[in-house]
1. Among the residues in segment A:192-213, are any more than 22 Å from the chain's Cα centre (by Cα), in contact (Cβ under 8 Å) with a residue 60 or more places away in the chain and more than 17 Å from A:Thr152 (Cβ to Cβ)?
2. Can you give me the ranges of the strands (runs of 3 or more DSSP E) entirely in segment B:231-291 with at least 1 residues that are free of Cβ contacts under 8 Å to residues at least 40 places away in the same chain and basic (Lys, Arg)?
3. Filter segment B:11-42 down to the residues that are within 14 Å of another protein chain (Cβ to nearest Cβ) and part of a strand (DSSP E or B) and list them by number.
4. Restricting to helices (runs of 4 or more DSSP H) lying wholly in segment A:122-220: which have 1 or more residues that are in contact with a helix residue (DSSP H, G or I) (Cβ under 6 Å, 6 or more places away or on another chain) and of a type outside the set (A, V, I, L, M, F, W, C)?
5. Which of the numbered conditions does B:Thr50 fail, given that it passes all the others? Conditions: (1) within 14 Å of chain A (Cβ to nearest Cβ); (2) touching a residue at least 24 places away in the same chain (Cβ under 8 Å); (3) not in a helix (DSSP H, G or I).
6. Considering only residues that are surrounded by fewer than 24 Cβ atoms within 10 Å (Cβ to Cβ) and closer than 23 Å to A:Thr241 by Cβ, which ones fall in segment A:134-150?
7. Do you know which residues across segment A:182-191 are surrounded by 14 or more Cβ atoms within 10 Å (Cβ to Cβ) and not β-branched (Val, Ile, Thr)?
8. Would a scan of segment A:73-92 turn up a residue that is closer than 30 Å to B:Ile54 by Cα and of a type in the set (Ser, Thr, Tyr)?
Amino acid sequence: MSTLRVMWHAVLLQLALSRRDPEHTLILLIAPMQTTTMLALTVTAHRPDVVANAVLAPGLIGLWVAALDYAGRIVPEDRWAGRFSPMIATPVPLGPVVAGRVAMVVLVGAAAFAESWLVAALGFGRVLAVADPALFALAVAITCLATVGTATLLSAVLVVSRARDVLQNSLGYPFYILGGILVPVTVLPGWLHPLSRVVFLSWSAELLRGSVRGDARGWPWSVAAILGLGAAAMAAGLWLTRRYVNRARREGTVGFA
Amino acid sequence: MEAAVHTSGLRRTYSRRHRDPVVALDDLTMTIGQNEIHGLLGPNGAGKTTLVQILSTVLLPSAGTARVLGHDVVADTRAVRSLVGLVLGGDRGLYDRLTARRNLRFWGALHKLDTRTARRRADALLERVGLAGRADDRVETFSRGMRQRLHLARGLLHEPRVLFLDEPTSGLDPVAAGAFRRLVLELRAEGRTFLLATHDMDEAAALCDRVTLIDRGRMLLTGDPARVGRFLGDRECVDFTHPDPALTEALALLPDVSDVERRDGTGWRVHTAGRDGTRRVLAWLLERDVLTARRGEPTLEEVYLRTVGDRGMRV
């Protein structure tokens with residue numbers, strides 16, 4: 001069975017779990033409020049040129065929050081529930097299971113894009129026209145893929161961290177800023193630019209805005225950067241997860257019981 | 001025939017900050033034959049779960065080797081995982097909010113079963129463990145006995161040849177525990193091997209071909225549960241029935257008698273010091289027309305208590 005097949009079954013598992021316990025869909029309640037706040041600021045500041053930023057930002061934040069929130073919980077919850085031991089005793093590595101489950105949650109987070117667009121249209125009468133819909137759809141799709149890869153890495157990092165909650169709670173704004181979600185990277189101090197280039201969100205935000213305006217020059221590079229960074233994060237996440245599992249087997253920290 | 005399980009000099013320690021490491025298994029060498037039900041007995045903290053976890057590749061040993069059907073649990077992890085099934089006891093270990101069927105299908109995928117096979121086996125196992133009628137109910141609505149049967153079904157999904165059961169009947173009522181044991185015997189008849197870690201002496205005596213008693217990570221004894229009495233050396237006993245307690249009061253005063261205990265109704269067990277003592281006690285009883293007297297074997301529970309000792313709540 002391929003890794004993709006395991007991931008698919010993990011997606012189905014998460015879908016079933018989410019239907020029973022849809023707590024991570026709370027992000028879909030927050031996204032409209034974020035859109036409202038940001039749009040209200042742009043409207044009162046008479047800045048129609050940044051409406052696209054105000055509509056796209058909650059979508060990207062929704063993706064990030066969904067992935068970050070859930071990525072850090074999957075393995076600890078399985079350990080607490082006594083599922084980790086039997087899971088390790090199967091021939092399938094843990095990494096693809098985590099990635100599959102995160103993927104399902106990320107798909108839910110992606111719905112924040114649609115919500116945000118609807119809030120702008122229905123609440124503010126600002127219908128955000130997308131100049132290049134095909135590129136926009138591609139940008140959303142590859143951003144979701146990269147988010148899954150990054151969330152898999154974050155899951156492993158959070159699990160090995162002794163301060164999981166602190167780390168999880170503090171990984172929001174740094175990535176909103178470095179990812180150019182709230183404001184374009186170009187307005188950030190120059191010394192932050194190299195750092196923001198290794199955050200896939202910065203490429204995603206640029207590509208999404210470019211596809212909305214219809215001036216996404218050099219978009220293949222952006223696509224390659226997003227996919228490359230996402231793939232690198234996924235590879236690192238799978239490797240770190242395997243190391244974590246081996247460490248747990250070596251140190252005897254597989255379960256809490 | 002190759003052993004189902006063989007360990008040699010197996011050792012497992014757990015590190016602790018600023019303190020000496022805990023030794024969970026210490027130089028454990030044991031062999032379990034194929035198609036055997038082997039009981040693993042010992043008090044809390046004896047190392048039973050650690051051994052089960054090492055054999056099922058969940059834990060790595062600190063030293064020594066462990067092989068399952070000839071495959072090393074460290075070097076050949078993948079092969080071992082396809083050959084063994086891990087069945088945990090207790091309420092945990094399943095996705096409580098999902099149905100029994102959904103749980104089994106997911107675990108089938110983790111054992112690399114294709115979708116059709118996973119569905120077919122899940123349905124067949126649910127039928128076999130008596131959960132077909134509750135297959136589409138959430139696990140959180142299950143009793144402990146039902147969860148336990150689902151644990152067993154999960155452990156059987158990939159048709160393993162060796163099953164490790166860690167206190168599988170812990171907390172079950174006698175009816176549910178009995179049904180579970182019958183299922184284990186059925187599965188053994190199909191050629192499977194079992195390592196059963198348990199606290200339940202009756203269960204071990206009823207199910208197991210051999211038992212191993214471990215404490216503080218070391219093996220204390222191994223053998224047929226019906227004959228483990230010989231491990232108590234000179235401690236023998238005589239069983240008899242007699243309606244008059246005055247007889248047993250007189251018997252207790254004999255120098256060869258260390259203890260007299262009432263078993264049930266008019267049944268008594270006399271503990272004697274050595275074979276000569278047994279002979280003299282039997283003669284003493286025959287002189288008084290107690291024709292039911294016969295030499296007895298200490299039960300597995302007596303052996304356990306004598307070997308492990310009474311440590312109360314300490315672990």
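1. Within segment A:192-213, the subset more than 22 Å from the chain's Cα centre (by Cα) is A:213.
Of the ones still in play, those that are also in contact (Cβ under 8 Å) with a residue 60 or more places away in the chain are A:213.
Restricting the remaining residues to those that are more than 17 Å from A:Thr152 (Cβ to Cβ) gives A:213.
Within segment A:192-213, one or more residues are more than 22 Å from the chain's Cα centre (by Cα), in contact (Cβ under 8 Å) with a residue 60 or more places away in the chain and more than 17 Å from A:Thr152 (Cβ to Cβ).
2. Fully inside segment B:231-291 and qualifying: B:257-262, B:267-273.
3. B:Arg11, B:Arg12, B:Thr13, B:Tyr14, B:Ser15, B:Arg16, B:Pro21, B:Val22, B:Val23, B:Ala24, B:Leu25
4. Passing ranges, in order: A:133-160, A:164-170, A:193-197, A:200-213.
5. (3)
6. A:Ile142, A:Cys144, A:Leu145
7. A:Leu182, A:Pro184, A:Leu188
8. Just the residues of segment A:73-92 that are closer than 30 Å to B:Ile54 by Cα, to begin with: A:73-92.
If we keep only those that are of a type in the set (Ser, Thr, Tyr) as well, we get A:85, A:90.
For segment A:73-92, residues closer than 30 Å to B:Ile54 by Cα and of a type in the set (Ser, Thr, Tyr): present.
The values are calculated or read from the model by the stated rules, or taken from the named source; none is laboratory data. Worth saying up front: this structure is predicted, and the values here are computed from it rather than measured. Every residue, glycine as well, gets a Cβ built from its backbone with ideal geometry; the counts of neighbours run over all protein chains shown.
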